[in-house]
Every structure is written in C-alpha cells, then in structure tokens.
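The structure appears below as structure tokens.
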Amino acid sequence: MGEWGRCYNDAMKVLLVEDETRISDFVKKGLAEAGFDVTVSNHGDEGYELAANQTFDVIVLDIMLPGRDGLSILRQLRDQRKAVPVILLTARTTLDERLEGLNLGADDYLTKPFYVEELIARIQAVMRRSSGEKLTTLHAGDVSVNLVTREVTRSGEPVHLTVREFALLEYLLRTPGRVYARTQIIEHVWGYDFDPTTNLVDVHIQRLRKKLDPPEGESLIETVRGVGYRIRKD
Ligand code: CA
C-alpha cells in the first residue's frame, strides 16, 4: 500500500462526509486548525466517489446521509478491500447501528454531539493503530511476520523463509484459528494452475514447522484432519 511511505510532515488527509453543514463547518475548521488537510462532502454518493477514488488517511463518515448512507459506503469500501481507517458519526446511540458499523469494519465511532477535540483524539488513535505495528506485523505465539520488510522472527531470532514459505505463512496468519483447505492454500499461494492433488502444501507446512516450531511443545500450525491447516490460536 502506498500510504506506508508517507512522510510524517505531510498533512494527514481527512475526508469528512457529513450533510449537516453546521457540523461539517465546525469540524472542518477544528481539524484544519489542528493541521489536517480536510475534504468535505455533504452527500453520500459524492462522499463515496471521493472515498473510492482518492487517497485519504482517515474517513469520518456520518451514518444518515442523502444518497448512500454511511454504513453502505463503509460496506462498499471494505468490499473493495480498501483498508482506510473509518470513524463513524452516529446521531443516535443505537447499539445496533454501532455494532453493525464495527462489524462492517469501522475503526471507531463517535456519538453526536461531540467536541472536535474528541474527534481529533480518535483520529490520532486510529492513525496510530493503522500505521503502526498492528497492520504491518502479524503475530502468532513467538513468531512475528513483518509484511513490509518481510522479516520473520521466532523469539526475536530471524528466520529465513523462501518466497513460497513466506506466502503460505502470511496467508495462514491473516486469520489465526481459521481452517484453510489444501485447495484454498494451493490457489492462493501457488495459483489455479497447480494440481490440487499435489503434496506441495504438506511439504511446505513441514518445512515451516521445522523452521518455526520450538524443539518441543505444540506446532504453531495445526493439522485439521481431512480438511487442512490452521494457525493455533493463543
Ligand atoms: Ca446526517
């Protein structure tokens, strides 16, 4: 993702989608004073177009909007695998709406009315989370995988993996506990052209275990008999 290379002295780009101009005006002013570069849209359809086609560091999204509502904008962005942090603004304190938002991949929400300082604090918190360790490093047990530098460590010691081994480990680590079938793994790591009856997956799993597992104790990668493999959940 391009965002990783961003210089820290660039102004953070915020997209604010809010139809009540009274609110969007005061939020824009407050954010601009805090040094953010703010783009405002007062309509859900326009807000979605901006969010889908331009790069922002964070999106502040009202739920009740003319045109597309905030939750459908969020759903569409996540369907397109856009990982930009999203903070929802909710008019009501309806638990359902907030839960739906968080389930759809919102990073945080703020209930109106709110102080702009509170919004700034939330923006800074989601920015720290999204640019920090959480998204660049995957962990399981004492194994860490840095997706940017592609360094793998076990108990802090570097482990050398081949390209395929890395791809396989990364795939499994994306969702610890989830079982991946051999065919899924083949398709993802080797591509559709590979014969699904090959034992490539099993061979690579054995290699990963050799490199990553402690001399005794349970393997990081669990075999689910008749199905496939998963990363053992802590
Ligand atoms: Ca609204």
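Taken together, the values in this text are just the output of simple stated rules run on the coordinates, not laboratory data. These figures come from a predicted structure and were not determined experimentally. Here Cβ is always computed from backbone atoms with ideal geometry, including for glycine, and neighbour counts include all displayed protein chains.
Brief remarks on what is shown
- Neighbourhood net charge (9 Å Cβ-Cβ; Lys/Arg +1, Asp/Glu -1) for residue 42: -4
- C-alpha center-to-center spacing [the range 27-62, the range 131-189] in angstrom: 33 Å
- Of 165, 46, 187, the one that fluctuates the most in a GNM where the chain has Cα springs shorter than 10 Å: 187
- Cross-link table 29/112; 29/82; 211/233; 210/233, entries beyond 21 Å C-alpha to C-alpha: 29/82
- Simple spin-label estimate for residue 150 and residue 125 gives 3.6 nm between the two label positions (7 Å along the Cα-to-Cβ direction from each Cα).
- Cα gyration tensor category, rounded, prolate or oblate, for the range 22-140 with a/c compared to 1.5: rounded
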